[in-house]
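These notes are about the structure you will find just below.
Computed from the coordinates by the stated procedures, all read-outs in this text should not be read as laboratory data. What you see is a predicted model, and the numbers here were worked out from it, not measured in a lab. Heads up, the Cβs are rebuilt from the backbone with ideal geometry, glycines too, and the neighbour counts pull from every protein chain shown.
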Amino acid sequence: MKHIVKIMVLLVAISACWIGLLQTSIIPRSHTWLLPIYLIISLGCYGLLMVGVGLMNFPTCPQEALLLHQDIDEAKEFLKRRGVDVGSD
Amino acid sequence: MELADRAVGFLLSLISISTFTYYTFWVIILPFVDSDHFVHQYFLPQEYAILVPVFAGVALLCFLCVFVGFVMLKSKKKKA
């Protein structure tokens, strides 16, 4: 709940800045109109970059997988000896 | 499998960084460059800076809607 308040405050501040720029027309109007689209584009680029970096550094632990498979085999063996049906394979 | 994921991640990062750089150049820096400078050859006119993202967004939204509808249809058929 607090996160959304933070995001809302940020959005309101950015739009206030933008409206101020639009009113005072320090820079030409056609360029001020481009800024929100620029913001959206940069947000999309940031999201894509984060996904790409997450995919690149995706943590895999093959040794842990091996240990887990050993554990599973051991448990299946144990259960089969006790007469519990654990299915084929 | 892992290498393919890494390649896809690298490609995504590259695409996002290059798009961001190009768009920043186009929107922020280009208005301050003289209009007869040679750099202007490599960029479309200023109004395309609005048109292209809006079209891309509309296309993305349409694709998302079609995808969601397709998935809903499929799940309904499976349930019946």
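In table form, for the structure just shown:
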| read-out | value |
| --- | --- |
| Label point at B:Tyr22 placed 7 Å out along Cα→Cβ; residues across region B:35-58 whose backbone nitrogen lies under 11 Å | B:43-44 |
| Backbone HN-Hα couplings from phi across region A:21-26 [Karplus 6.51/-1.76/1.60, Hz, Gly and Pro as x] | 4, 5, 6, 7, 6, 5 |
| FRET efficiency for A:Ile26 and B:Val54, using Cβ-Cβ distance with R0 set to 22 Å, rounded to 0.05 | 0.30 |
| FRET efficiency, 1/(1 + (r/R0)^6) with R0 41 Å, evaluated for A:Cys17 and B:Leu64 via beta carbons | 0.85 |
| From phi via Karplus (6.51, -1.76, 1.60), per-residue ³J(HN,Hα) for region A:31-36 in Hz, x at Gly/Pro | 7, 5, 5, 6, 4, x |
| Of the trypsin sites (Lys or Arg not before Pro) in region A:36-89, those whose Cβ has at most 15 other Cβ within 10 Å and which sit in DSSP loop | A:Arg82 |
| In sequence order, calculated HN-Hα J values of region A:60-65 (Karplus, 6.51, -1.76, 1.60; Hz; x Gly/Pro) | 10, 10, x, 5, 4, 4 |
| Modelled label reach - B:Ala80, point 7 Å along Cα→Cβ, region B:39-68 residues with backbone N closer than 20 Å | B:66-68 |
